[in-house]
2 protein chains.
Amino acid sequence: MVEQKIRLSVDAVVFGYEEGVISVLLIKRKYDPFKGKWAIPGGFVLNNESLETAVERELQEETGVKINYLEQLYTFGDVERDPRGRVVTVAYVGLVRPNTFKIFASTDASQVQWFTIDKLPELSFDHQKILHTAIARLQAKITYEPIGFELLDKKFPFSDLEKLYTTLLGRPIDRRNFRKKILGLNVLDELDKKVSKGSGRPANLFQFNQKRYFQLKKEGIIFEI
Amino acid sequence: MVEQKIRLSVDAVVFGYEEGVISVLLIKRKYDPFKGKWAIPGGFVLNNESLETAVERELQEETGVKINYLEQLYTFGDVERDPRGRVVTVAYVGLVRPNTFKIFASTDASQVQWFTIDKLPELSFDHQKILHTAIARLQAKITYEPIGFELLDKKFPFSDLEKLYTTLLGRPIDRRNFRKKILGLNVLDELDKKVSKGSGRPANLFQFNQKRYFQLKKEGIIFEI
DNA sequence: TCAAAAGTGTTAACTTTACACCCATGA
DNA sequence: TCATGGGTGTAAAGTTAACACTTTTGA
């Protein structure tokens, strides 16, 4: 048997949400191949680190993000996907709260930038395919797992959640029905605090109760929009 | 940067269904590590083959199965999952019709055998974890994608489908409601043929119309049980 | 007092569930 | 003619969808 010459990398599609806009974090590549082109952050896995550790390390190194939620997306292994040779990459989806940290470019990245998901630049490797797979996963997943909260502040007005879902699903949502449904799931705690956004009636703040969610999930109650 | 010493393998959890029983195909390992123990079929990816090709090749080599449906499951990359060193494996789920081929053991396998999924032997590596992930995927997926048909004969009596779902979901199904629902999805062609199983009224045969399914899927109609 | 965003219920349409008897065949 | 599995409809319960006005605040 010939020696295996496959290298393994990880890549992370990191989504952030702010004010009705979903963005993806991309880096500009400092080195060849695809020098000067945009790419999903990622890199080679070290011999003694888990895949998740590798993702977090690469993200930290290249961009400075603080990952809030991370899940494996898919493994891309086409023979010709990397001009340097055979590189198989395990792609992840990450969710972050962009307002809780400052991004910076470092190591392999000459720039880091948030891109609105409907104004993406040309990407390196097969990263467009990966990105589209990730967007599809995110859109599908928010309808059956409570991951939307990972994109919002810990305490948020209900309208933020509604707007997030409107944006991600790409269609309007009936406010009354949505509120009824979500509150009926019993995983949000309503706080006493209120917050006002410029003008208009101040909104009550809510907080996702993960503990209660896991409890309910164990009992077979499912989250579904 | 130190040289990467990670090897990449693929593994396939192959499910078959016959007469109310879901089985998994396992091999008995011919060589160390875990020599003589049961394992999911799989092996190392060659430098110039895609992951899917690798799965199909390994399955063919070790067991002789004819894969009917194959989908990527998850990539398992724990540092300590293989005693030989760092091996990351991309696991797949395969569905087959066991009555359409003959299994045989070859290359790394000293035996190949179908195991009912609730009478599994002790497994090598982290294969138990992989297998459980695969079972969960199969159970979840048959409720929102028409993959159950891949386990049945091309032409099947409705009761076979019903029994398959009963088995996989692990709960009884109302015959009338199930029939209404499935036929309402409009993806089954009713044939003129009938088949009789020993005694009782002969059943009409049905056939899954994949073309129509893809058509309907494109139009946004979703398969759901 | 006006503009802006938050909050709130009811009804009709639709979907899901529960349920039992007759039919066609082979032994 | 009996045993066996196949085939069929209806009504009640539950869920989803449609819809508009009042409240609270800041300017």
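Rule-based calculations on the coordinates, nothing more; no lab input. Keep in mind it's a predicted model, so treat the numbers as computed, not measured. All Cβ positions, even for glycine, are placed from backbone atoms using ideal geometry, and neighbour counts span all protein chains on display.
Things to note:
- Pairs of Cα atoms in region B:122-179 fall into 5 Å distance bins, from 0 up to the last occupied one, in shares of 4, 16, 24, 22, 14, 10, 6, 3, 1 percent.
- Residues A:196, B:159, arranged from fewest to most other Cβ atoms within 10 angstrom of their Cβ, appear as A:196, B:159.
- For residue B:92, the amide hydrogen comes within under 5 Å of the amide hydrogens of B:11, B:12, B:13, B:73, counting only partners 5 or more places away or on other chains and with H modelled in the peptide plane.
- Loop GluC sites (Glu not before Pro), region B:101-195 (other Cβ atoms within 10 Å of the site Cβ: 15 or fewer; DSSP): B:122
- For region A:41-182, lysine pairs separated by 8 or more sequence positions, or belonging to different chains, with Cα-Cα distances below 26 Å total 28.
- Directionally averaged projected area (convex hull, Cα atoms, chain A), nm²: 15.1
- Were the residues from residue B:178 through residue B:32 laid out at 0.36 nm apart, the gain over their Cα-Cα distance would be 47.8 nm.
- Put simply, the amide H of residue A:105, placed in the peptide plane, has neighbours under 5 Å in A:112, leaving out anything fewer than 5 places away on its chain.
- A label point on residue A:178, set 7 Å along the Cα-to-Cβ line, lies at 3.8 nm from each of its counterparts in the other copies, closest listed first.
- Once the mean of 1/r is taken over each pair of separate Cα atoms and inverted, region A:33-100 shows a Kirkwood hydrodynamic radius of 13.3 Å.
- The convex hull defined by the C-alpha atoms of region B:7-141 has an orientation-averaged projected area of 7.6 nm².
- Cβ-based exposure ranking for A:158, A:104, in which fewest neighbours within 10 Å come first: A:104, A:158
- The equivalent ellipsoid of region B:156-218 has semi-axes of 21, 17, 9 Å, largest first, where each one is the square root of 5 times an eigenvalue of the Cα gyration tensor.
- Kirkwood hydrodynamic radius of the protein assembly as shown, Cα pairs, Å: 24.6
- For the protein assembly as shown, the antiparallel share of DSSP beta bridges with both residues in that region comes to about 75%.
- By Cβ position, the chain A residue that hugs the axis carrying A onto B most closely, with its distance in whole Å, is A:75, 2.
- Placing a label point 7 Å from Cα along the Cα-to-Cβ direction at residue B:85 gives distances to the equivalent points in the other copies of 1.4 nm, listed shortest first.
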